[in-house]
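Just so you know, all these numbers are worked out from the coordinates, no wet-lab data involved. Computed from a predicted model, the values in this text were never measured in an experiment. Glycine also receives a Cβ, built like all others from the backbone with ideal geometry; neighbour counts cover every protein chain displayed.
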Amino acid sequence: MKSILSFLFLFFPIALMAQTESELITNIIQTMGGEKNWQEIHSSIVTYTMEGEDFGKATIVKYNSKGKFFRADFQFESRDEKIKNTKYFMLASPLSNKKFMPDSRDTSVLSGAEIEDLKKNPFLFNPFINAESQNTEIVFMDMVEEEGKNYFVFFVNLQNEIQYKYYVDAQTYFIHKSVLYNSEVDEVNIFTDYEKLQEGIWVPKTITTRAGVLKLTNIKINQPFNSKTFIIK
C-alpha cells in the first residue's frame, strides 16, 4: 500500500506538468467560468468591505458601466464623526474626473494613477481572460509546492508593464495568489472563498492584501444604472 501511495504522489505532479502552457491556461479559464461568460459582463456594481490597521473599516461600492464610466463610493467607520458621516467618492468618465477623499478638503481632479486604480475591480479582475486582446503576456514558469499544495506559477506582464507572478491551485485551477514581480514592495494578494455567480463565473469572496482584508458583500452584473450615478455636481 505504501508503495502505491508513493507512486500516486509522484505521478500526480508529473501528470500535471505534462500539460502544455496553452492547455493549462484553457483549463484555468474554463474553471473560472469560461471566456464567453466573462465577455458578457458589460457593467457591474460591487460592494465590499475593507479592513486594515491604517484606516479601520470602510465600505466601498464600485460602479463600472461598459468600461467607460467608473465610480467608487466610500463610507469609513471612524472615531472622527466628520469622517464617519461624510460620503467620499471617486469618479472617472468622459464627462467628469473628480474625487473627494479624507486626504483632501475639497473636490479635486484624479491623477492618472488614481484613474487606473478606480478602473480595477479586485473581485472581477482575471488576467487569463481576454489576455490577447488586453495585450497581457502570460508565461508558465514552474510548478511549486507550498504547505502541502501544488501550484502552477505564471509570469504575467500586464498592458501597463506591471509584472506579477500568479499562483494557480493545481487541483482546483482557481487563482490562489498574485505577487508583484521584482519589486522592493512586498505586495501579495491571496484569493479565497470562491463562489459561483448566476452568470456562470467564479469570483473570490475574500482577498487578503498588504493593506487589509477585502470581503465581498454584494455583486450585481449587467444591472441598469440610475441616470445620475455618474453625475456629481
*What are the trypsin sites (Lys or Arg not before Pro) within segment 91-169 that DSSP puts in a loop, where the Cβ has at most 15 other Cβ atoms within 10 Å?*
Arg105, Lys120
*Rg/Rh for the chain: what does it come to with C-alpha atoms and Rh from Kirkwood?*
1.02
*Number of Lys-Lys pairs in segment 63-161 under 21 Å by Cα, sequence gap 8 or more or different chains?*
20
*asked:* Using +1 at the C-beta of Lys and Arg and -1 at the C-beta of Asp and Glu, which of Pro102, Asn64, Ser78 has the Cα lying farthest in the positive direction of the dipole of segment 53-117?
replied: Asn64
*Rounded to the nearest 500 deg cm²/dmol, what is the calculated helix-only ellipticity per residue at 222 nm for the chain, with -39500 (n - 2.57) per DSSP H run of length n ≥ 4?*
-5500 deg cm²/dmol
*asked:* Placing unit charges on C-beta atoms (Lys and Arg positive, Asp and Glu negative, everything else neutral), compute the dipole magnitude of segment 99-190 about its Cα centre in debye, rounded to 20.
replied: 320
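When only DSSP loop residues count, what GluC sites (Glu not before Pro) in segment 135-232 have their Cβ near at most 11 other Cβ atoms within 10 Å?
Glu147, Glu161, Glu184
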*Segment Arg210-Ser227, extension gain: residue separation times 0.36 nm, minus the distance between their alpha carbons*: 2.5 nm
*Label-to-label distance, nm, for residues given as Gln198 and Ser104 (7 Å Cα→Cβ offset)*: 3.7
*asked:* Taking 35 Å as R0, compute the FRET efficiency from the Cβ-Cβ separation of Asp80 and Val188 and round it to 0.05.
replied: 0.70
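State the extension gain, in nm to one decimal, for the chain segment bounded by Asn157 and Asp73, taking 0.36 nm per residue of separation less the distance between their alpha-carbons. Kindly include the intermediate steps, with their values, before the conclusion.
Values: separation 84, 0.36 × 84 = 30.24 nm, distance 2.96 nm.
Full extension of this stretch gives 27.3 nm more.
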*Neighbour cut-off at most 14 other Cβ (10 Å), DSSP loop, GluC sites (Glu not before Pro), segment 80-132*: Glu132
*Please find the FRET efficiency linking Lys120 to Asn150, where r is the Cβ-Cβ separation and R0 is fixed at 35 Å, and quote it to the nearest 0.05.*
0.75
*Gap in Å between the Cα centre of segment 31-55 and the Cα centre of segment 88-106?*
22
*asked:* Need one number: the % of Cα-Cα pairs in segment 111-233 sitting beyond the 24 Å mark.
replied: 35
